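None of the figures in this text is laboratory data; all of them are computed from the coordinates on show. Remember, it's a predicted structure, so these values are computed and weren't measured experimentally. Note: ideal-geometry Cβ built from the backbone for every residue, glycine included; neighbour counts use all protein chains shown.
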Amino acid sequence: MTPTEPATRPAAVPAAAVRPPLPVKLVVAGGFGVGKTTTVGSISEIEPLTTEAAITEVAAGVDDLTHTPRKSTTTVAMDFGCLTIDPTLKLYLFGTPGQDRFGFMWDDLVEGAVGALVIVDTRRLDDCYAAVDYFEHKEIPFAVAANAFDGTVEHTLDEVRWALDVAEEVPLVVFDARERGSVRDALLVVLELALSRTEA
């Protein structure tokens, strides 16, 4: 190479394109006081957004606090959290309010969701009928998760399935809304169900 010849440089190697994880929306639903806010808070990798309001004397007269006497707040709009499953997939969790009087919000919260986790308190199964009916009517894949309050459930999963009259293809699990690993496993059941529906 003479002094007048330009130096040659190796061709630049393009950096591998890094794609952001695919966003997937899941809904956490169920009746009043079944553990929806706790579920989202246990698993979210960010500080969860909650819309908790104090239960007033008027609300206490409307909402049954028999099985949740220590409950002092309630969700009045939604809960929100997120969880990165792996570099390709990120879950966005939307928790619904449990009371019937806030039911008008559900359609907006559920829009775009691929699946739902319907949480039940086996001490009062009748409180979750509305949520089960909603997702059946919307034809949105869902799993039923019996929250183990105080570490136990009042009925077996077969008894819960019979009481709720849900189809055999609807997964039923027992989980603890306070335990991150237990919540993760329940959400993965919903995700797998949604993916299998998509592939079918």
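Expressed as a whole percent, the proportion of Cα-Cα pairs in the range 86-156 lying more than 17 Å apart is 49%.
Spin-label pair residue 167-residue 47: with each label point 7 Å from Cα along the Cα-Cβ axis, the two points sit 4.3 nm from one another. Couplings 3J(HN,Hα) of the range 144-154, computed from phi: 9, 10, 7, 6, 7, 5, 6, x, 9, 10, 7 Hz, in residue order, whole Hz [Karplus 6.51 cos²θ - 1.76 cosθ + 1.60, θ = phi - 60°; x for Gly and Pro]. Placing dummy labels 7 Å off each Cα toward the beta-carbon, the span from residue 195 to residue 123 is 3.6 nm.
Between residue 119 and 29, 30, 145, the built amide H atoms are under 5 Å apart, and every one of these is 5 or more places off in sequence or on another chain.
Among 129, 164, 153, pick out the residue whose Cα is farthest towards the positive end of the charge dipole of the range 76-181, where Lys and Arg carry +1 and Asp and Glu carry -1 on C-beta, about the Cα centre. The residue sitting most towards the positive pole is 153. If you plug the beta carbon distance of residue 137 and residue 18 into 1/(1 + (r/R0)^6) with R0 = 45 Å, you get a FRET efficiency near 0.65. Taking Lys and Arg as +1 and Asp and Glu as -1, the other residues whose beta-carbon sits under 10 Å from that of residue 175 total -1.
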